[in-house]
1. For the chain, what is the relative contact order in percent, using Cα pairs closer than 8 Å and at least 6 residues apart in sequence?
2. For Asp86 and Thr378, what is the calculated FRET efficiency with R₀ set at 35 Å and r taken between the beta-carbons, to the nearest 0.05?
3. Taking the alpha-carbon distance from Lys182 and a cut-off under 21 Å, which lysines remain once sequence neighbours fewer than 8 residues away in the same chain are dropped?
4. First obtain the Kirkwood hydrodynamic radius of region 331-445 from its Cα pairs, then insert it into the Stokes-Einstein equation at 10 °C and 1.306 mPa s, and state the resulting D in µm² per second as a whole number.
5. Kindly state, to the nearest 0.05, the FRET efficiency for Gln426 paired with Ile393, given R0 = 25 Å and r defined as their beta-carbon distance.
6. If you project the alpha carbons of the chain onto the principal axes, what extent comes out on each, in Å, largest first?
7. Which FRET efficiency value, to the nearest 0.05, is calculated for Ala274 and Thr110 with the Förster distance at 41 angstrom and r the Cβ-Cβ distance?
8. ³J(HN,Hα) across region 169-183 via Karplus (A = 6.51, B = -1.76, C = 1.60, θ = phi - 60°), whole Hz, x for Gly/Pro?
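What follows draws every value from the coordinates through simple rules; no lab data is involved. Only a predicted model underlies this, so the values are computations on that prediction, with no experimental measurement involved. A quick note on method: Cβ atoms are made from the backbone with ideal geometry, for glycine too, and the neighbour counts reach across all protein chains shown.
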Amino acid sequence: MAIASRRISFLIVALVVSVVLSTAATAADFQTLKGHGGPVMGIAVYAGTGQVATASFDNSVGLWSNRTPRWLEGHEAAVKAVLFIDESHAVSGGDDNDLILWNLATGNHTILEGHTAKIAGLAVSPDKSLIASASWDARIGLWPAEGGAPEFLEGHGGGVNSLAFSRDGKKLYSASVDGSIKLWDLATRSEIRVIDRNGFGINVISLGGDGEKESWLAYGSQDGVTRVVDIETGERLHEFEFERRPILALTISPDGGKLATGDGHGYITVFDTASWAIETDFRAALKGPIWALAFSKDGSVLHAGGIENIVYSWPLADLAGFDPMATETPQFLKDPEEMENGERQFARKCSICHALTVDGGRKAGPSLHGVFGRRAGTLPGYPYSETLSGSDIIWSEETIDRLFLDGPDHYIPGSKMPMQRIVERQDRDDLIDYLKSATASDPSQGGPQ
C-alpha cells in the first residue's frame, strides 16, 4: 500500500475577534467549567453518563455535575491524568509519583505507591480489571483495579508518556520520550515489538480502525508532527506538520470518526479519520499550550484544557466560531518587558502555584497574602507537608532570601515546593521588595486589603 503522506506547512491567522452568538441554542451548547486554581492537565468523560472529570496543576481532581465541581483531594503535587473506571470509580496520577483510586460514591480514596517518578499517563483495560500507568521512571505499572500488588514492565529507554489498551484487552501500546512506540503482550508481560520509532519524544497516542480490532495508531510527537501508522506493518500512512510544536493532546471521538490534537502553540486540529481531511484547525488559546482534550459522550462537543484554569467546551458544529481560551494572559506568561524585575521573578518562580489575595483561590500552594511574619506551615485550610507543618521558620526577608538562594529542596527538604533557585542577589532582593508590597494587608503599603 502506497504511503498516503501529507505534510502541511502553513500559518493560520489567529481568531482573536469576539464572535456574537447568533442563536440561543448555539449559546446553550457552549460551556466553560470554572473553579480550578491552576492549568488543566487532563480531561476524562465517562461514556455511560457523560460526566466530566478534570486533572489540574492545583493538585486536585474536579468532578463536574451541571458545571458545579466536586473536588477530590489527595495528591500532593500537580495531577497530570484522570480516567473513569466505571460510574463509581476513577483513577488519577500526578507529579507526586502516585496513583489514587477514587470511590466516587463514598469519597474515599486509596493511594497506590510504586513509581519513582511522575505519572504522565493512564489507561484502563476494556473489562475495567486493570489500570496501566505511564511514568517518567521509564516503567509501565500494571495495577489490579480491585486492589493488589502491581507489576512493572520495563524496556523503554526514557520516561513513558502515554498508553492504550488493545480493544480485546490482551495487549498494551506505550509511547516514550525515547521516541519509540512499543506493543506488549499482557499474558506474558513481555514486549512483542516496536510499532514505530521517531527521532523525537512521543507524547500521546490513540488507537482507531473499523471492526473489533484496531488497525491504526495515531501519535503526536515533540517535533510537532502527528502521524498515523498501520499497526500490523508499521507503515506510516499519514503525516501532518503545521510548524507548531509539540503535540501535547490527542483524543478520538466515541464513534472513531474524528481525531483531535492540541499543540504547544494553543491550536486545536480536528481530522476526519475516514478521509484524513482536516475539518478544523483553529487557535484555541491566545497564550500557552493545549494540554488536555476529550470528546463528549455523543461526540458533539470537544472539551479542552490548557494554561488557563478553565475547561472550554466547544460544539463541533462551530469550533472556530467562539473566542479563544485564555483571553487574559496569566501572569507567568506576560511579556517580561511589561513587568518590573521583582514582579517578573514572582511571575516566573511563584505565580503558577501561589496567589497574592486573601482567599488564594484553588492554587497548588498557599496564598502569600500576609506572608511576612507568618510561621511556615500555619495558613488554615492548606494541607502542608509534615516538614512545613512542624517547621519553626518565620517568613521574613532573610528566610525568603535563603529559600531561593539554597533552593527549597535544600532549605526545607521534604516540602512540596518544586526545586528552583534564584542565583543573582539583585533578583532575590527585587522579588522580596515586590512581595513586601504585593502581600501587605495595609493599602498604604501598596498591598491588597
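1. Relative contact order comes out at 12 percent.
2. Step by step, r from the Cβ atoms, then E = 0.30.
3. Lys118, Lys170, Lys171, Lys213
4. Approximately 110 µm²/s, per Stokes-Einstein.
5. Once the sixth-power term is evaluated, E becomes 0.60.
6. Computed over the Cα atoms, the extents are 72, 55, 43 Å.
7. Calculated value: 0.45.
8. Karplus values, whole Hz, x for Gly and Pro: x, 8, 10, 9, 9, 9, 10, 9, 5, 7, x, 10, 10, 10, 10.
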